[in-house]
Amino acid sequence: MTSNLHVICIDDQEDFVNPNGALYVPGANENVKRAAKMIERLTPLITDIHLTMDSHHKWDISHPRMWCDEKGVSPPPITGVVLDGDQPMFLNYKTGAKTPARARILGMQPKLVAYLKALAASGRYPHTIWPEHCLIGDPGHNIAPVLSAAVHEWEEKRNGMSDVVTKGSNPFTEHFSAVKAEVPDNDDPSTQINHRLIKALGEADMLVWVGEALSHCLANTFRDVVANFPDPSYIKKMWLCTDGTSNVEHFEKYGEDFIKEMKALGMNLTTTTDFLA
């Protein structure tokens, strides 16, 4: 039996897991219930619980407001942004059509172009404009009550304190991963590699993952954790609960590719009911 079991819950916040949330991930409301039950079942064995939290301002590069035109008209949520030379283009994911992105804040165009170029060079995802979500201080920012209750019960029974990791408050870079922003800002340590989190996760004998979304924040956090451990065998300590996570709608391929990629490296797959049953 493992002597140092950690659980990491990625962005199990109301805007993602509540069907009425701003950016609901289909199935997440049931995923988080299963994750909470697993924590309740394994409370005597769990050494640490890590809770990551998307934490945005209204003014954010991933929200429509930053991309509104001189008339104040914003693109609809779930719109891509790509570059044609130095011209940002809105990308309609459904039709593939591209239209010029004419941001109201024209003085920021060089900054936005530099960001989009750096993001493209990373080889991950094209930039996406999401609905305003996980606004700091709003109800949608909160951890789902069912999970919060399970974590507090663990804290009480084990005299422990969960490790809360916030991310995303820099308005000029997307921040899916809890380890680092998609394009780190040299002037903002909060966007750079979170060595404290890496060190904490490295202490686990087993690390079990749940949370949202498989296609984005969970996938990128997992990849960045793996990338920051020089010993490639570390991934064999990590277990993904397939019934504790789901993909953002229309981005299912991202999640499928992530599972194939990490399983080939040694990631373990399980469920919230089967893990250490």
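The values are calculated or read from the model by the stated rules, or taken from the named source; none is laboratory data. Just so we're clear, the structure is a prediction, and the values are computed from it rather than from any experiment. Note: ideal-geometry Cβ built from the backbone for every residue, glycine included; neighbour counts use all protein chains shown.
Of the set (1) part of a loop (DSSP other than H, G, I, E, B); (2) farther than 25 Å from V146 by Cβ; (3) not basic (K, R), all apply to Y254 but (1).
Is it the case that F251 is under 16 Å from P26 (Cα atoms) and free of Cβ contacts under 8 Å to residues at least 60 places away in the same chain? Against the criterion (under 16 Å from P26 (Cα atoms) and free of Cβ contacts under 8 Å to residues at least 60 places away in the same chain), F251 qualifies.
For the condition of a type in the set (V, I, T), assigned to a loop (DSSP other than H, G, I, E, B) and surrounded by 15 or more Cβ atoms within 10 Å (Cβ to Cβ), I39 does not qualify.
Looking at G85, G27, G72, which is the one that is among the small types (G, A, S), outside the structural domain of T173 (by TED's automatic domain parsing) and touching a residue at least 24 places away in the same chain (Cβ under 8 Å)? Checking each option against the conditions leaves just G72. Considering the stretch 132-191, the residues that are surrounded by 15 or more Cβ atoms within 10 Å (Cβ to Cβ) and charged (D, E, K, R) include one that is farthest from L45 (Cα to Cα), namely E132.
Search the stretch 20-73 for residues being acidic (D, E) and over 22 Å from the mean Cα position of the chain (by Cα), and hand back the single one that is farthest from H133 (Cα to Cα).
Step one: filter the stretch 20-73 for residues acidic (D, E), giving 30, 40, 48, 54, 60, 69-70.
Okay, now just the ones that are also over 22 Å from the mean Cα position of the chain (by Cα), so 40, 69-70.
Values: E40: 28, D69: 21, E70: 24 Å.
Top of the filtered list is E40.
Can you say whether N170 is at negative phi, modelled with pLDDT under 95 and assigned to a loop (DSSP other than H, G, I, E, B), as far as the supplied structure shows? No; evaluated as a whole, the condition is false for this residue.
Among the residues of the stretch 54-77, the ones that are part of a loop (DSSP other than H, G, I, E, B) and under 21 Å from A181 (Cβ atoms) come to 9 in all. Looking only at residues of the stretch 243-258 that are surrounded by fewer than 17 Cβ atoms within 10 Å (Cβ to Cβ) and not acidic (D, E), we find that the one that is modelled with the highest pLDDT is K253.
Scanning the stretch 123-167 for residues that are part of a helix (DSSP H, G or I), in contact (Cβ under 8 Å) with a residue 60 or more places away in the chain and small (G, A, S) turns up G140, A149, A150.
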